[in-house]
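Please read the structure below before turning to the comments.
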Amino acid sequence: MSDLKSLIRTIPDYPKPGIMFRDVTTLLGDAQGFKAAIAQLAEPYRTLPVDAVAGIEARGFILGGAVADRLGCGFIPIRKKGKLPWKTIGQEYALEYGTDSIEIHLDAIKEGERILIVDDLIATGGTAIAAAKLIQQVKGTIVGAAFVIDLPELGGVAALQRAGIESHCLMAFEGH
């Protein structure tokens with residue numbers, strides 16, 4: 001884990017002053033680091049029945065697609081509003097530094113399918129909880145959520161736990 005943590009770039013004051021942005025693109029660009037991160041994200045779910053991985057735009061697409069391949073299941077994109085071409089439902093959520101909205105195709109999940117949520121980072125948990133609400137609205141069952149990075153001071157993992165969703169994170173960074 002410490003080796004993977006050294007592959008994360010920190011960008012101060014992005015996207016606004018006071019935010020320490022944790023950039024996973026440096027991890028993604030390292031072949032061995034990327035491979036290890038995918039293996040570690042998938043490992044807790046390897047023996048569980050998972051029908052699909054739901055990746056949250058945009059880095060969650062990269063990580064989620066690879067985790068889905070590793071688990072031998074399908075992939076579902078959860079995208080920003082207006083980006084999916086078919087009938088969708090949406091969910092607004094609060095970010096650490098604003099608000100946004102995500103959507104999923106109405107027919108992306110069959111009733112009862114077991115879904116793993118994947119994204120690069122969990123901060124307040126707003127995006128992941130919005131994704132969970134979308135999955136539940138289309139009658140999917142959430143088996144868990146996996147993230148490369150946790151920012152524990154912002155309480156996202158605790159918020160997911162309160163919502164009944166267990167999380168798996170590869171590393172934590174203190175601060176924002």
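FYI, it's all coordinate maths here, none of it is from the lab. The structure displayed is predicted, hence computed values, not measured ones. Note that each Cβ is placed from the backbone with ideal geometry, even for glycine, and that neighbours are counted across all protein chains shown.
What whole-number distance in Å separates the alpha-carbon centres of the range 120-149 and the range 1-60?
One Cα centre to the other: 15 Å.
Compute and list, largest first, the equivalent-ellipsoid semi-axes of the range 60-133 from the alpha carbon gyration tensor, each √(5λ) rounded to a whole angstrom.
Over the Cα atoms of the range 60-133, the semi-axes work out to 20, 16, 11 Å.
Would you mind ranking R162, R22, R59 by Cβ crowding within 10 Å, fewest neighbours first?
Numbers: R162 11, R22 22, R59 19.
Fewest-to-most Cβ neighbours within 10 Å comes out as R162, R59, R22.
Given a Förster radius of 45 Å and the C-beta distance between K139 and D3 as r, what FRET efficiency does 1/(1 + (r/R0)^6) yield to the nearest 0.05? Please report the intermediate quantities before stating the final value.
Numbers: r = 40 Å, r/R0 = 0.89.
Here the calculated transfer efficiency is 0.65.
Consider a paramagnetic label point 7 Å from the Cα of D100 along Cα→Cβ; state which residues of the range 142-163 have an amide N under 12 Å from it.
None, by backbone N distance to the label point.
Once phi is turned into θ = phi - 60°, what whole-Hz ³J(HN,Hα) does the Karplus curve with 6.51, -1.76 and 1.60 give for every residue of the range 3-15, x standing for Gly and Pro?
5, 5, 4, 5, 8, 8, 8, 9, 10, x, 6, 10, x
What is the dipole size for the range 104-172, taken about its Cα centre, with +1 at each Lys and Arg Cβ and -1 at each Asp and Glu Cβ, in debye to the nearest 20?
Computed charge dipole of the range 104-172: roughly 240 debye.
Sort V157, V138 so that the residue with the fewest other Cβ atoms within 10 Å of its own Cβ comes first and the one with the most comes last.
V138, V157
Sticking to Cα atoms, compute the Rg of the chain to one decimal and its Dmax as the biggest Cα-Cα distance, whole number, in Å.
Rg and Dmax of the chain, Cα atoms, are 15.2, 43 Å.
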